1. Expressed in nm to one decimal, what extension gain is obtained for the pair residue 32 and residue 205 from 0.36 nm per residue of sequence separation less their Cα-Cα distance?
2. Once you keep just the Cα pairs under 8 angstrom separated by 6 or more residues, what percentage relative contact order results for the chain?
3. Stretched out fully, how many nm does the piece from residue 21 to residue 273 gain, at 0.36 nm a residue minus the Cα gap?
4. Using a simple spin-label model with points 7 Å from Cα along the Cα→Cβ vector, what separation in nm is obtained for residue 263 and residue 419?
5. With 10 angstrom as the radius, rank 151, 32 by how many other C-beta atoms surround their C-beta, starting from the fewest.
6. To test your reading of the geometry: what angle, between 0 and 90 degrees and rounded to tens, separates the Cα axis of helix 35-46 from the longest principal axis of the chain?
7. Computed FRET efficiency, Cβ-Cβ of residue 41 and residue 9, R0 22 Å: what is it to the nearest 0.05?
8. Out of the DSSP beta bridges found with both residues in region 3-218, what percent are antiparallel (nearest 5)?
């Protein structure tokens with residue numbers, strides 16, 4: 001499928017922007033022998049006048065700017081003319097207040113234009129930043145192949161990254177990297193597994209998925225997120241009862257709360273640094289026609305990737321002006337050697353900072369275990385509620401007994417002294433109320 005056909009499938013009424021004027025000397029800035037003939041052959045072969053097609057159309061029910069790459073045109077490579085088109089498209093999007101969808105299929109910078117082509121990466125990155133500061137959402141679609149500069153300066157920098165199954169995705173293309181460097185790390189599937197792409201989406205699904213995502217990122221509201229409903233329950237009589245109820249296998253978990261609360265939701269996945277934590281669910285959901293960002297713990301000990309993914313979600317929601325709902329449920333942060341090597345402390349600090357800096361309202365519901373700093377990092381100061389099946393503590397009672405060098409039989413007593421029940425937390429001013 002040509003990029004014009006794909007753009008037409010994704011965006012109804014697609015109309016290309018007039019390309020910015022870029023004047024070239026014969027055979028380009030380097031005087032590369034035969035370059036003008038190569039360009040002419042590429043135009044004849046593809047029907048495109050450059051490797052990039054930029055324009056505006058309707059995605060679902062909403063307008064958007066599209067930046068599409070034609071790989072058949074010199075490998076979708078970027079030279080001065082193509083770079084100018086990408087920059088112009090992002091600047092138009094910022095001026096019009098429209099989201100950008102990049103349909104990427106590129107081998108990188110155009111060799112025949114040398115350093116003048118390579119410099120386009122800086123200009124494109126700067127244009128992306130200008131749109132970012134204008135609160136413009138950027139969705140990238142990784143098609144086959146997405147390598148080199150367009151992966152590093154454009155696609156990997158997007159707010160949401162979708163990847164077409166089977167696509168080659170890597171900084172180094174197959175012709176320039178180590179011959180033994182093959183397999184999943186260099187594929188769309190590998191990028192999803194490593195937390196560098198949010199979702200795998202076939203090209204046939206793109207119109208529907210992009211329409212859903214554009215609609216979610218458009219329906220912004222300054223109002224705080226509503227609290228999910230909780231099952232009516234009596235309050236626990238003792239601290240140890242509160243702990244056991246929070247740990248019970250049959251109580252509702254984060255996914256159940258999210259499914260009941262939102263009419264639909266779109267997950268984002270991964271910390272963009274090689275990690276995925278299935279114990280941290282992040283994304284955007286629709287509630288009564290408006291969008292709410294969510295970050296929800298699922299009852300496991302979260303890894304550094306989980307904390308970084310939640311921080312990424314909160315920063316994105318804050319920039320776009322979308323309120324945030326967090327669901328707290330973790331026995332605490334993963335304290336394994338692997339977690340320490342992956343930067344557990346800095347990852348938790350990053351999440352604390354994202355919550356503290358957020359200008360949008362963050363609403364927290366504690367639905368299970370509130371285990372120390374790993375839970376507190378996801379908790380909104382002054383806007384936290386709790387269910388009757390939950391607790392929050394400075395440390396787990398068992399660990400507390402160990403620190404105090406007390407007999408394990410005294411753990412229930414220590415749980416009581418910690419005043420970790422929902423009603424205790426309300427009296428101590430940590431939560432604003434008990435839901436359900």
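1. Stretched fully, the residue 32-residue 205 segment lengthens by 58.2 nm.
2. 11
3. Additional length available on full extension: 86.9 nm.
4. 4.4
5. 32, 151
6. Tilt of helix 35-46: around 70 degrees.
7. 0.25
8. The antiparallel fraction comes to roughly 40 percent.
Read the figures in this text as sums done on the coordinates, not as results from a lab. Small disclaimer: the values here were computed from a predicted structure and weren't measured. Counting neighbours? That spans all protein chains shown, and the Cβs are built from the backbone with ideal geometry, glycine included.
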